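Asker: Please read through the structure below; I'll follow up with questions.
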Amino acid sequence: MSLIVGVHGVGNHVRGRAPEDVAAQRAGVWARSLAAGLGRPLAESEVAFAYYGHHLSRGLPVAQGPDDGALEHLTPHEAALAAHWLEALDLPRATAQGRLTMPLRHAVEMVAKRFSLDGRLTRAFVALCFREVAAYLSAPDAPARLAAREEVAAVIAERRPRVVIAHSLGTVVTYEALHAHPELTVDLLITLGSPLALPHGVFHRLRPAPAERGVRPAGVARWVNVSDHGDPVAVLRPLASYFDGVDLDLEESVRLFDFHRAAGYLRSPAVAAALEPHLPRR
């Protein structure tokens with residue numbers, strides 16, 4: 001058993017390493033980040049990690065550097081997902097009804113300027129992000145989607161945690177995994193920097209398909225969502241406006257999390273406060 005299971009977001013695939021080795025290394029990183037926020041030690045054995053990145057990476061090109069023109073080589077499906085994201089950010093000069101009306105590179109530059117982000121890193125992130133999101137959401141029964149979802153479900157079933165913490169795309173995979181396996185029960189689900197509410201790009205592709213609103217998975221007793229004002233991936237806040245069963249929607253200060261990185265979220269006071277009641281007394 002583990003107290004916590006972590007579920008990663010985009011950009012966590014490590015080529016050439018065994019999945020179990022990556023999971024063990026990431027568990028240690030998350031344990032240290034959480035401990036920093038809690039202000040007390042958290043044993044690495046208390047944190048397990050659901051690593052699914054290798055399932056989404058098959059067939060994707062290998063990045064050659066921080067900015068290798070990858071934006072220009074997104075597939076039409078990947079670019080369409082990016083367009084839905086840009087629409088949600090209210091960039092009317094960049095998109096219209098899910099269609100890019102200017103080169104994607106220029107639209108992403110607008111995002112970088114709006115959120116005071118490094119343009120080169122933002123371009124690289126967007127290319128990576130929408131390749132992985134597209135790999136997961138390409139079809140309801142896509143092999144990569146099923147494999148990633150079942151990987152997360154298997155780790156939760158094996159570790160039987162009290163708490164599941166999911167970041168970024170991991171919130172989508174975890175949401176679907178817990179819905180697909182209602183027998184899995186957790187006391188607390190914490191979602192960080194979640195794109196679950198992104199219309200058309202994510203929300204309308206979820207399984208089970210939302211009617212008008214999404215719903216908390218049956219096995220989750222409490223759901224806390226944390227988003228940063230400066231995180232352009234966690235669009236359409238608060239999440240509780242789009243999903244029933246979100247018990248607490250917390251927002252943090254602009255730029256606190258250095259553009260959607262998990263470590264800042266894990267060290268945040270909001271996550272520490274949500275976790276504290278579920279930790280054993282020492």
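Asker: Please list, ordered by residue number, the helices (runs of 4 or more DSSP H) wholly in the range 1-97 having 1 or more residues that are at pLDDT below 85.
Answerer: In the range 1-97, 53-57, 76-88 are the helices (runs of 4 or more DSSP H) which contain 1 or more residues that are at pLDDT below 85.
Asker: Could you list, ordered by first residue, the pairs with Cβ atoms under 6 Å in which the first is in the range 185-210 and assigned by TED's automatic domain parsing to the domain that holds Ser227 and the second is part of a loop (DSSP other than H, G, I, E, B) and of a type in the set (S, T, N, Q), at least 6 apart or interchain?
Answerer: Gly193/Ser168
Asker: While we're looking at this one, here's another question. Quick one: is Ala142 under 20 Å from the mean Cα position of the chain (by Cα) and at pLDDT below 90?
Answerer: No: the conditions fail for Ala142.
Asker: Within the range 104-136, work out how many residues are within 20 Å of Ser57 (Cα to Cα) and among the acidic types (Asp, Glu).
Answerer: 1
The values are calculated or read from the model by the stated rules, or taken from the named source; none is laboratory data. Every value quoted in this text rests on a predicted model; they were computed, and no experiment measured them. Ideal geometry is used to build each Cβ from the backbone, glycine not excepted, and the neighbour counts take in all protein chains shown.
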